[in-house]
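Novice: This structure is in C-alpha cells; I'll ask about it shortly.
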Amino acid sequence: MAHPLFLSVSPEIKEAIEKNRPVVALESTIISHGMPYPENINTAIMLEKTVRENGAIPATIALIDGKFKIGLSADDIEFMATNKKIKKASRADLPGIISRKESAAVTVAGTMIGANLSGIKIFATGGIGGVHRGAEKTFDISADLEELSKTQVAVVSAGAKAILDLQLTLEYLETKGIPVVGYGTNEFPAFYTPKSGYFLSESVASPSEAALLLQNQWLLPHSGGVLFANPIPLDSSLDPKLIENAINSAIRKAEENGIKGKKVTPFLLEAVKEITSGKSLEANIALVQNNAQIASKIAVEFSKFRPPDLCKN
Ligand code: PSU
Ligand code: MN
C-alpha cells in the first residue's frame, strides 16, 4: 500500500510488518488524558514490555509534529506523559492536526486509523469510548464506535468504561454490525469489574480461535473491526458497589461543573480515581496489562496466517 507522507513507521515495526511478524498497537490518549503522571509513563513503558514478553512488537501510536508516528521513542512517550496541553485526537481531528503539523494523543478511533494505515491489525487498550449515560439528551456517543464499524483492526479491551451506558453501547455496536467477542467469557465485562449483567452471543476461548475469527471477519465484504472483551483479572477487580457509587458521584460532579465534549471522559476518570483513593487507577493499569498480554498472543496466532491462507477454500 502507498503510504501517505504523514505516516512515520519505526524501522523495527516496518520490518516486522513486511515480514508478517506479530505487532500490537497501543494508544496514547490513555497516557496523556487517561492517567496521571508518573503512572501514565510507567504504564506506557510496562505495556511495551508486556507485549515483547508475549512474543510481539509494541507500536505505541501518536501524532507527532503532524505525522502519525507508529512506534514512539522514549522521548516521545515522555512528551506525551508530561505535556499538559497535548490535544486528544479522534477521527474528525486528524486532518487539521496533520495540516498544522501539531502533536496529539490519539483515541481508540485515532489509533485504529494509524494502525490500519501502517498494516497493524491488533490493538490493545483499556476500554473503548461508547454511549454515555444520558446520551438520549446529550447525544454524547464516542467516535470509537463508528470507527469500529469501518476500520479493520481488532481492539482488545476490558469492555467499555463503566462510566458509560453499557446497555446502549452494546445496542449501538450491534446496530453497526460490530462483532463483540468475549474472551474466555460470555458476559460483557464492565471495565473495573468482570461482570455487567449483559451477555454476549459470541466468545472465544483461545488466541488461535480469536485469530481465526479475525481472518473470517476480514474475508467478509464491507467488514470493519472486532471488539474483544477481556475481563479484568479477578484479583485486580474492584467492588461493584464501590465503583458504581464513585461513578455516580463523578457524573454529578461533571454536571455541576458543566463538563462537555472531549473533556467528559478524562474528567470522569480523574474524579473516579479521587473518589476511590486511587483504586480505580490500579485496576485500570492491571486491566490494560492483561489486554496487552492477550492482544500479543492473538497477534502471534494471527501472524501464522499468510496471504495464501486467505485464498484457500
Ligand atoms: N479508556 C481508558 N482511559 C482512556 C480512554 C479509554 O481507560 O483515557 C480514552 C480512549 O482513548 C478512548 C477515549 O478512545 O477515552 C474515548 O473518548 P471519547 O468518549 O471522548 O470519545
Ligand atoms: Mn464524547
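The values are calculated or read from the model by the stated rules, or taken from the named source; none is laboratory data. Predicted, not measured: the structure shown is a model, and the values here were computed from it. Here the Cβ positions follow ideal geometry from the backbone for every residue, glycine too, while neighbour counts run over all protein chains shown.
Novice: Among (1) touching an Asp or Glu at 6+ places or on another chain (Cβ under 9 Å); (2) in contact (Cβ under 8 Å) with a residue 12 or more places away in the chain, where does Gly96 come up short?
Specialist: Every condition holds for Gly96 apart from (2).
Novice: Output the number of residues of segment 128-151 satisfying the condition of being within 16 Å of ligand 2 (Cβ to nearest atom), within 22 Å of Ala299 (Cβ to Cβ) and out of contact with any Leu (no Cβ under 8 Å at 6 or more places or on another chain).
Specialist: Selection size over segment 128-151: 2.
Novice: Continuing with the same structure: Taking Gly119, is it surrounded by 24 or more Cβ atoms within 10 Å (Cβ to Cβ), over 27 Å from Glu244 (Cβ atoms) and more than 16 Å from ligand 2 (Cβ to nearest atom)?
Specialist: no
Novice: Please enumerate the residues belonging to segment 105-121 that are farther than 15 Å from Val24 by Cα and free of Cβ contacts under 8 Å to residues at least 60 places away in the same chain.
Specialist: Correct list: Ala109 only.
Novice: Could I ask something else about it? Can you tell me which residue in segment 122-158 is nearest to Ile30 (Cα to Cα), limited to those that are crowded, with 23+ Cβ neighbours inside 10 Å, among the small types (Gly, Ala, Ser) and in contact with a helix residue (DSSP H, G or I) (Cβ under 7 Å, 6 or more places away or on another chain)?
Specialist: Gly126
Novice: Report, by residue number, each residue of segment 232-264 that is within 17 Å of Thr138 (Cα to Cα), among the acidic types (Asp, Glu) and modelled with pLDDT of 95 or more.
Specialist: Glu256
Novice: A further question follows. Looking at (1) crowded, with 17+ Cβ neighbours inside 10 Å; (2) among the hydroxyl-bearing types (Ser, Thr, Tyr); (3) over 22 Å from the mean Cα position of the chain (by Cα), which is the only condition Ser236 fails?
Specialist: Single failed check for Ser236: (3).
Novice: Could you grab me the full set of residues in segment 190-199 that are in contact with a helix residue (DSSP H, G or I) (Cβ under 9 Å, 6 or more places away or on another chain) and surrounded by fewer than 19 Cβ atoms within 10 Å (Cβ to Cβ)?
Specialist: Lys195, Gly197, Tyr198
Novice: Residues in segment 6-23: is at least one within 13 Å of ligand 1 (Cβ to nearest atom), touching a strand residue (DSSP E or B) at 6+ places or on another chain (Cβ under 6 Å) and not aliphatic (A, V, I, L, M)? Show your work before the answer.
Specialist: Just the residues of segment 6-23 that are within 13 Å of ligand 1 (Cβ to nearest atom), to begin with: none.
No; the residues of segment 6-23 include none that is within 13 Å of ligand 1 (Cβ to nearest atom), touching a strand residue (DSSP E or B) at 6+ places or on another chain (Cβ under 6 Å) and not aliphatic (A, V, I, L, M).
Novice: Being of a type in the set (S, T, N, Q), touching a residue at least 40 places away in the same chain (Cβ under 8 Å) and either within 22 Å of Asn290 (Cα to Cα) or within 16 Å of ligand 1 (Cβ to nearest atom) (or both) narrows it down to one of Ser223, Ser149, so name that one. It would help to see each step written out before you state the result.
Specialist: Working: Ser223 fails: either within 22 Å of Asn290 (Cα to Cα) or within 16 Å of ligand 1 (Cβ to nearest atom) (or both).
Only one candidate passes the filter, namely Ser149.
Novice: Does segment 34-51 contain at least one residue that is within 16 Å of ligand 2 (Cβ to nearest atom) and modelled with pLDDT under 95?
Specialist: Applying the first criterion (within 16 Å of ligand 2 (Cβ to nearest atom)) to segment 34-51 yields 34.
Still in the list and also modelled with pLDDT under 95: 34.
Yes, segment 34-51 contains at least one residue that is within 16 Å of ligand 2 (Cβ to nearest atom) and modelled with pLDDT under 95.
Novice: On to the next question. Given the conditions (1) under 17 Å from the mean Cα position of the chain (by Cα); (2) crowded, with 21+ Cβ neighbours inside 10 Å, which single one is not true for Met46?
Specialist: With respect to (1) under 17 Å from the mean Cα position of the chain (by Cα); (2) crowded, with 21+ Cβ neighbours inside 10 Å, Met46 is out only on (2).
Novice: Another question about this same structure. Out of Glu174, Glu202, Glu187, Glu136, report the one residue that is free of Cβ contacts under 8 Å to residues at least 12 places away in the same chain, more than 23 Å from Leu281 (Cβ to Cβ) and in contact with a strand residue (DSSP E or B) (Cβ under 9 Å, 6 or more places away or on another chain).
Specialist: Details: Glu202 fails: free of Cβ contacts under 8 Å to residues at least 12 places away in the same chain; Glu187 fails: free of Cβ contacts under 8 Å to residues at least 12 places away in the same chain; Glu136 fails: in contact with a strand residue (DSSP E or B) (Cβ under 9 Å, 6 or more places away or on another chain).
Unique residue meeting the criteria: Glu174.
Novice: If you don't mind, there's one more thing I want to ask. Considering each residue of segment 241-280, count those that are more than 12 Å from ligand 1 (Cβ to nearest atom), in a loop (DSSP other than H, G, I, E, B) and loosely packed, with under 13 Cβ neighbours inside 10 Å, and give that number.
Specialist: Here the count works out to 4.
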